[in-house]
Every structure is written in structure tokens, then in C-alpha cells.
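S.K.: Questions regarding the structure given below will be posed in turn.
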Amino acid sequence: MTLSYIVAGFAVGLLVGMTGVGGGSLMTPLLTLMFGVSPSVAVGTDLAFASITKTAGTFTHRLRGTVRWDVVKRLCIGALPAAVLATFSLKWFGALNQEIGQIIRYSIAGSVLLTVVALLFKGKMIAWLNAHPEKQLQGKGLMWATIISGAVLGVLVTISSIGAGAIGATLLVMLYPRMSAAEVAGTDIAYAVPLTAIAAFGHWWLGSINWNLLAALLIGSLPGIMLGSWCARSVPEKFLRALLAMTLTGVAVKLIY
């Protein structure tokens, strides 16, 4: 079984490297559907996995100067308290019982579908914003929209481990359309580090992290990400995103039914 987890980690890492989509939208459903891991343990283990891998990514982006720390601060103001409250809610209702497990399963499916929307319509959203600059938020409105977005992402990530990747990046593009692609990626990764760390700590407190599974996934994913990043240049991005969107849609339907 350990070898299977390593192979799964490699496959997810490969796709993440090629598409840039967060591993949560791929890893958590994979663990739940293919390996029969309970939804709460799949979420907790993936959050621990994400907190480690995203920390490495943040160091790289910081060296390149592609992190907007002012935006990271706003997102964290919303996301971190929301993650703590979501953790206490899981503790109160019982994260490991069957009913809450089913709710988490549906939350994963919903987050996966949001990721699909982000993948398919991100370009159209950006085009619409560029065509209507008067609709872009400014000043306090932009600040509060960023904080609220952070809070929504904090709840999504804590409950489903999904949201800090494609969904977070899409929200950043909509709120800050003048950001470069590198800044969007760097900022999205940087705010996700404390968020996934707090959420992972909460799931450790809840007893929903499988450490052996985590180690196997890390062993497989790191070379997968490197290989995927190298291969990304030779595969058309539109083809990859369409394939990923279809796969994730199928995953969401399977999770629900």
C-alpha cells in the first residue's frame, strides 16, 4: 500500500507541476475514492502535505520578489481566524463521525467544482474586468473584499483542503487584475502557508492526520512536481486544463453519488 501512495503522490505532483493547479483538488479526492481513506483523514493529511510543499514554494517566490505581502496580510486577516473557527466546529460536531464525514465529502465535491469553474472561466473573468475597469474595486472596498475572500477560503481549505490553489488564484486575479502572473502565484502560495499550517495543526488536534501516508505522498510528489514543471513547456496549456477540468468534474460527481 505504501508503494501505491508513493505512485499516487508522484502522479498528483506531475499534474500539479504541469498545470499549476493546487494538489488539494487532486490529492484529497484521490485518497477518498481510490484508497478508501476517510474524508476527514484525507483532508487532514493533505493539509499537512500542503503546508510542507507550499513553504518551499514561498521561499522561491520570496527570493524572486514575486509576493505581494500587503495582500497576503489582508488574506490572512480573514483566513486564519476562519480556519480556527472551522476547526473548533469540526471538533464540536465530531470530525471523525460518519455524518460529518459525509458533509466533508460533499464539501470536497463542491470545492472541486469551484476549481473547475476557476479553470474554465478564469480567462473570461479577466477579459470582462479589463473591459470594465470601472467595476474594479478600490480602497476600503478592495481591502474588505480581500479579507472576506480570505475568510471564505479559510473555511473551504480547513473543511475540504481545497481552495488555496486555483480558487484562490482566480479570486486574486479578479480583485487585483494588475498583478503579474508571477505575483498572483507567489501571493497565493505565501498566504496558503500559514493557512494550511493552522488547518493542519487543527486536524492533528482532531486526530485526523495519517503520518505514514503523509511521508509516502511527499516521497512521490516532490520528483513528480519537478518532472511536471519540466514537461509543462511541451504540452499545450489549454489541452491540460480541459483534461483536468473533465477529470475533476467526474471526481465531483463520483463524490456526490
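The values are calculated or read from the model by the stated rules, or taken from the named source; none is laboratory data. Note that the structure is predicted; figures quoted are calculated from it, not measured. Cβ placement follows ideal geometry from the backbone for every residue including glycine, while neighbour counts extend to all protein chains displayed. These accessible areas exclude ligands, DNA and RNA; they are computed on the full protein's heavy atoms, side chains included. Shrake-Rupley method; radii C 1.70, N 1.55, O 1.52, S 1.80 Å.
S.K.: For the chain, what is the accessible area per residue in Å², given a 1.4 Å probe and the full set of protein chains?
M.R.: On the way: 12530 Å² over 257 residues.
For the chain, the solvent-accessible area averages 49 Å² per residue.
S.K.: Between 140, 54, 73, where does the largest GNM mean-square fluctuation fall for the chain, given springs only between Cα atoms within less than 10 Å?
M.R.: Answer for the Gaussian network model of the chain: 140.
S.K.: Run lengths n ≥ 4 of DSSP H only: what is the helix-derived mean residue ellipticity at 222 nm for the chain, with -39500 (n - 2.57) per run over all residues, to the nearest 500?
M.R.: Values: 10 runs with 212 residues, N = 257.
It comes out at -28500 deg cm²/dmol, rounded to the nearest 500.
S.K.: Gain in length, residue 243 to residue 62, computed as 0.36 nm per residue apart minus the alpha-carbon separation, to one decimal in nm? Mind showing how you got there, number by number?
M.R.: On the way: separation 181, 0.36 × 181 = 65.16 nm, distance 3.14 nm.
Contour length minus Cα-Cα distance gives 62.0 nm.
S.K.: Under a GNM of the chain (C-alpha, springs under 10 Å), which listed residue has the highest mean-square fluctuation: 127, 109, 190?
M.R.: 127
S.K.: Identify, among 90, 184, 194, the residue whose Cα sits farthest towards the positive end of the charge dipole of the chain, taking +1 on the Cβ of Lys and Arg and -1 on the Cβ of Asp and Glu, with the dipole about the Cα centre.
M.R.: Of the options given, the answer is 184.
S.K.: List every DSSP H helix in the chain whose Cα atoms extend 24 Å or more along the helix's own long axis and whose mean Kyte-Doolittle hydropathy is at least 0.5.
M.R.: On the way: long enough: 2-19 (26 Å, 1.78); 39-64 (36 Å, 0.24); 69-93 (35 Å, 1.06); 98-131 (48 Å, 1.00); 139-160 (31 Å, 1.53); 181-206 (36 Å, 0.97); 211-231 (30 Å, 1.43); 237-256 (28 Å, 1.22).
Span-like helices in the chain: 2-19, 69-93, 98-131, 139-160, 181-206, 211-231, 237-256.
S.K.: With viscosity set to 1.002 mPa s and temperature to 20 °C, compute the Stokes-Einstein D of the chain, Rh being the Kirkwood radius across alpha carbon pairs; µm²/s, no decimals.
M.R.: On the way: Rh = 18.2 Å.
Estimated diffusion coefficient is 118 µm²/s.
S.K.: Over the chain, what percent of the accessible surface lies on carbon and sulfur atoms, probe 1.4 Å? The partial results should precede the final answer.
M.R.: Working: 8750 of 12530 Å².
With neighbouring chains kept in place, the figure for the chain is 70 percent.
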